[in-house]
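Engineer: Below you'll find the structure I mean.
The values are calculated or read from the model by the stated rules, or taken from the named source; none is laboratory data. All figures in this text were calculated on a predicted structure; none of them were measured in a lab. Every residue, glycine among them, receives a Cβ derived from its backbone with ideal geometry; neighbour counts consider all protein chains shown.
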Amino acid sequence: MRWTIHSERSVYESPWLGLHLADVEVPGGGPRFDAHVVRFPVAAVGTVVVRPGDGAILLLWRHRWATDSWGWEIPAGRANEGESTVNAAVRETTEETGWRPIDLAPLLTYYPAIGSSDLRFHLFRATASEYVGEPVDTWEAERVEWLPQAGVRAAISRGDITSGMTLTGLLYHFTAPVMDIGSRNG
């Protein structure tokens, strides 16, 4: 059954996100109430970059101010307005790590907080990459490293990887077969 949205208005807007208040009604004559929703103007992308041969994975060790925590993360960021998610994934990975991903294939697309936000994460896997120089976005990470797959699994178990996008991408990488890039790019 489909919910009814009677109206929606902006409470706050920035180039990063908008907070909206919606007048919604539960299906089947249920209650009607105000609900908050976070709207995002562009998609987010992340890339699991795998080194040929040994299968090591390219990760960034970084601090997140909102949780005041450190952890390993895959290269990730926002697509620019009008930029395809594939191009955004290549750009973000190159800027953050100095490695340009090659043979990019989609892993999956999902909503990380589907009940309160329209943000979409587009995850990719690159089975090869080339070093093009030092990272441009030097403020993104304290260090960039290739971790062996056993090290990645250990980091997950230790709690050194807590980013939802990173966990989703890595766990999907470990369990899903390599897919052809085909027509799923957006």
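Engineer: If you scan segment 62-90, which residues turn out to be free of Cβ contacts under 8 Å to residues at least 60 places away in the same chain and crowded, with 18+ Cβ neighbours inside 10 Å?
Structural biologist: Scanning segment 62-90 gives Pro75, Gly77, Ala79, Ala88, Ala89, Val90.
Engineer: Here's another thing I want to ask about it. For segment 1-40, give me each residue that is of a type in the set (Asp, Glu) and touching a Phe, Trp or Tyr at 6+ places or on another chain (Cβ under 9 Å).
Structural biologist: Asp23, Glu25
Engineer: Do you know which residues across segment 108-135 are more than 22 Å from Ser163 (Cα to Cα) and either among the β-branched types (Val, Ile, Thr) or without any contact (Cβ under 8 Å) to a residue 24 or more places away in the chain (or both)?
Structural biologist: If the condition is that a residue be more than 22 Å from Ser163 (Cα to Cα) and either among the β-branched types (Val, Ile, Thr) or without any contact (Cβ under 8 Å) to a residue 24 or more places away in the chain (or both), then Val132 is the only one that fits.
Engineer: Can you pull out every residue in segment 91-107 that is polar (S, T, N, Q) and either free of Cβ contacts under 8 Å to residues at least 24 places away in the same chain or touching a Lys or Arg at 6+ places or on another chain (Cβ under 8 Å) (or both)?
Structural biologist: Matches in segment 91-107: Thr93, Thr94.
Engineer: Within segment 103-128, how many residues are of a type in the set (Gly, Ala, Ser) and part of a strand (DSSP E or B)?
Structural biologist: 4
Engineer: If you scan segment 136-185, which residues turn out to be part of a helix (DSSP H, G or I), crowded, with 17+ Cβ neighbours inside 10 Å and either among the hydroxyl-bearing types (Ser, Thr, Tyr) or at pLDDT below 95 (or both)?
Structural biologist: Residues satisfying the conditions are Thr166, Thr168, His173.
Engineer: May I ask you to verify whether Trp139 is among the hydrophobic types (A, V, I, L, M, F, W, C) and over 17 Å from Val45 (Cβ atoms)?
Structural biologist: In short, yes.
Engineer: Of the residues that make up segment 125-135, is at least one modelled with pLDDT under 95, in the same structural domain as Pro75 (by TED's automatic domain parsing) and either surrounded by 17 or more Cβ atoms within 10 Å (Cβ to Cβ) or acidic (Asp, Glu) (or both)?
Structural biologist: Yes, that holds for at least one residue.
Engineer: Now, a different point. Can you pull out the residues in segment 1-44 that are in a strand (DSSP E or B), hydrophobic (A, V, I, L, M, F, W, C), exposed (fewer than 13 other Cβ atoms within 10 Å of the Cβ) and out of contact with any Leu (no Cβ under 6 Å at 6 or more places or on another chain)?
Structural biologist: Those that are in a strand (DSSP E or B), hydrophobic (A, V, I, L, M, F, W, C), exposed (fewer than 13 other Cβ atoms within 10 Å of the Cβ) and out of contact with any Leu (no Cβ under 6 Å at 6 or more places or on another chain): Ile5, Phe33.
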